[in-house]
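Notes follow once the structure below has been shown.
The values are calculated or read from the model by the stated rules, or taken from the named source; none is laboratory data. Bear in mind that the values here come from a model prediction, so they are computed numbers and not experimental data. Please note: Cβ atoms are built from the backbone with ideal geometry, for glycine as well, and neighbour counts cover all protein chains shown.
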Amino acid sequence: MRIASGGVQHETNTYALTPTTLADFVRDSNCGAELSGGEVIFDRFRNTGTIHGGYIAGAEAAGVDLLPLLCARAQPSGIVEQQSFETMLRWFLERLQQVLPVDGVLLDLHGAMVTQQHEDAEGAFIEAVRKVVGPELPIIVTLDLHANITAKMAELSNVIIGFDTYPHVDMHERGREAAELLIRIIRGEVTPVQEFRQLPLVTMPPMQCTLREPMQSLMQRVHRFEEEPGILTATVAMGFPFADIHDAGVSVLVTTNNDRELARRKADELASWLWELRDELQPQLTSIEDVIRFVEERSSDGPTIFADGSDNPGGGAPCDGTVALQAMIDAGFAGGVVGVLFDPETAAQAHQAGVGSTIHVRLGGKTDDRHGAPVVGDAYVRALCDGKFVYRGPMMQGVADNLGQTATLIVGGVEVVVSSHRRQCLDAEMLRIAGIEPTHRRLIVVKSAVHFRADFGPLAAHIFDADTPGIHRPDFKLINYQHLRRPIYPLDASAVGGLNIG
Ligand SMILES: [Zn+2]
């Protein structure tokens, strides 16, 4: 048995100004200049907490041949340049043609990619693959929990399997599930029937977190439901709200073994569970000034984390916002850390000056004027490193990554880890390589909405969702949608009572 695998992953923030190009995919994928398949992918992902890590484990356990063709991924950012998308799609299709015939295809996609010509880039990708392999060949698509799933994606794939966790700690498990289910389909043991429901609902990252209520209990119900006879798999996609497209938002899928009626009934049931939670899914935000007061007023019972999700590079934000940093400096706060702030210019300046020197910086706030102004002043260079690290926490465990040339500066009494690559601070290793042990700090600002909770959660005494400005701010009042379908909750009162399913 031969299974082809691969895909292009991107979460596109349509409010980010910088377009995403092939060079970004090449830099972030770490698979060579032509985004090689084959051994490069086995070497990079075997035994890692990733989708391809799971595909490889599932295929090897069953003794079937996995043929990885392409695994392209870029940090979330602005709209993907059309030519770059077409190039990567062409590479995938050419490599697929070369390995035919295959018995099935596993597509490793995100689900919220937007290109200059495609609002639904995954739909276009699956459609192109379908044209090559024909209508009968089974295709399973794995998607992120933040996928904005469309009817087209559901129609063109036999099964969609989304992550069940946010932070995304089940990528390996879902990849393996997809490989195992595809093998059962190819062997003729099961016949999948998939039902898709899109809800008139958009939600924001902080409350999509499956370590918090109401999502934690909801996902426990979903797992019990997947154990029921006849059900092969179920997916809850919370959607990515920073993409101004028609299909942004919440959707669900239920796949049964050849039982259309059961799939319909269960998809409606799952959609109604989500709909009932719509008010509980709205976040509460806290200002940095209030959090500084909170920390100053108590004896140290462990670090407090200020989750600066508005500037989360994991959702396409610049990662160089300065609002929280400036507030800590202005308050004369001691024991604060900002990790990780993207500013290659300042990192290079610090590397040139060397450890122990004091440099005059214009730090952060350089990408645009929506995330605070640059912090101007003297900075002490405390530590320098090359930025290379391996994820040790539960998310992306075992994957090698790179912050680029990195400097640890002390600015106005606050420690700032300054990187040359834009990375979401979701693993404590990213601070430890810069000489900072997070358990010994009072207040840590992370440019992350939720993913940091997987590794930092257990060591944090308190966590606050930040009330800061930015293009990933979880606040529908400040988002100007032009293309999103209406009415939709919570934007339109008329969406209430509007769950039109069945
Ligand atoms: Zn995600």
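Points worth noting:
- Matching entry among Glu86, Glu81 (being surrounded by fewer than 24 Cβ atoms within 10 Å (Cβ to Cβ) and free of Cβ contacts under 8 Å to residues at least 24 places away in the same chain): Glu86
- Among residues of the stretch 2-32 being within 16 Å of the ligand (Cβ to nearest atom) and among the acidic types (Asp, Glu), the one that is modelled with the lowest pLDDT is Asp28.
- Any hit, the stretch 452-465, residues being among the hydrophobic types (A, V, I, L, M, F, W, C), under 27 Å from Asp247 (Cα atoms), outside the structural domain of Gln198 (by TED's automatic domain parsing) and at pLDDT 95 or above: no
- Residue satisfying all of: in the stretch 179-197; surrounded by 20 or more Cβ atoms within 10 Å (Cβ to Cβ) and in contact with a helix residue (DSSP H, G or I) (Cβ under 7 Å, 6 or more places away or on another chain); farthest from Pro101 (Cα to Cα) among these: Arg197
- Sole residue being in contact with a strand residue (DSSP E or B) (Cβ under 6 Å, 6 or more places away or on another chain) and either at pLDDT 95 or above or within 15 Å of the ligand (Cβ to nearest atom) (or both), chosen from Gln220, Gln208, Gln198, Gln216: Gln198
- Matching residues in the stretch 219-263 - criterion: being assigned to a helix (DSSP H, G or I) and under 13 Å from Tyr166 (Cα atoms): Met219
- Meets criteria (touching a residue at least 24 places away in the same chain (Cβ under 8 Å) and within 16 Å of the ligand (Cβ to nearest atom)) for Tyr391: yes
- Taking the listed residues Thr115, Thr14, Thr18, Thr48, the one that is surrounded by fewer than 18 Cβ atoms within 10 Å (Cβ to Cβ) and farther than 26 Å from Pro192 by Cα is Thr18, with no other qualifying.
Residue-wise test of (1) outside any loop (DSSP other than H, G, I, E, B); (2) at positive phi; (3) modelled with pLDDT under 95.
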| site | (1), (2), (3) |
| --- | --- |
| Thr408 | yes, no, no |
| Glu415 | yes, no, no |
| Ile436 | no, no, no |
| Pro469 | no, no, no |
| Arg486 | no, no, no |
| Leu499 | no, no, yes |
| Gly502 | no, yes, yes |
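- Qualifying residue in the stretch 255-262 (condition: out of contact with any Pro (no Cβ under 8 Å at 6 or more places or on another chain) and of a type in the set (Ser, Thr, Tyr)): no
- Complete set of residues in the stretch 273-314 that are in a strand (DSSP E or B) and either buried (at least 17 other Cβ atoms within 10 Å of the Cβ) or within 16 Å of the ligand (Cβ to nearest atom) (or both): Thr304, Ile305, Phe306, Ala307
- Search result, residues across the stretch 129-151 that are in a loop (DSSP other than H, G, I, E, B) and within 16 Å of the ligand (Cβ to nearest atom): Asp144, Leu145, His146, Ala147, Asn148, Ile149
- Enumeration of residues in the stretch 152-187 that are outside any helix (DSSP H, G or I), within 16 Å of the ligand (Cβ to nearest atom) and either touching an Asp or Glu at 6+ places or on another chain (Cβ under 9 Å) or among the hydroxyl-bearing types (Ser, Thr, Tyr) (or both): Ile161, Gly162, Phe163, Asp164, Thr165, Tyr166, Pro167, His168, Asp170
- Selected residue (criterion: farthest from Gly49 (Cα to Cα)) from residues of the stretch 353-399 that are over 28 Å from the mean Cα position of the chain (by Cα) and not in a strand (DSSP E or B): Ser357
- In this structure, Ala317 does satisfy being within 16 Å of the ligand (Cβ to nearest atom) and either part of a loop (DSSP other than H, G, I, E, B) or at pLDDT below 95 (or both).
- For Arg432, the criteria (1) modelled with pLDDT under 95; (2) out of contact with any strand residue (DSSP E or B) (no Cβ under 7 Å at 6 or more places or on another chain) hold in every case but one, which is (1).
- For the stretch 423-434, the set of residues classified as part of a helix (DSSP H, G or I) and in contact with a Pro (Cβ under 9 Å, 6 or more places away or on another chain) consists of Leu431, Arg432, listed by residue number.
- Selection count, the stretch 28-81, where residues are in contact with a strand residue (DSSP E or B) (Cβ under 8 Å, 6 or more places away or on another chain) and basic (Lys, Arg): 2
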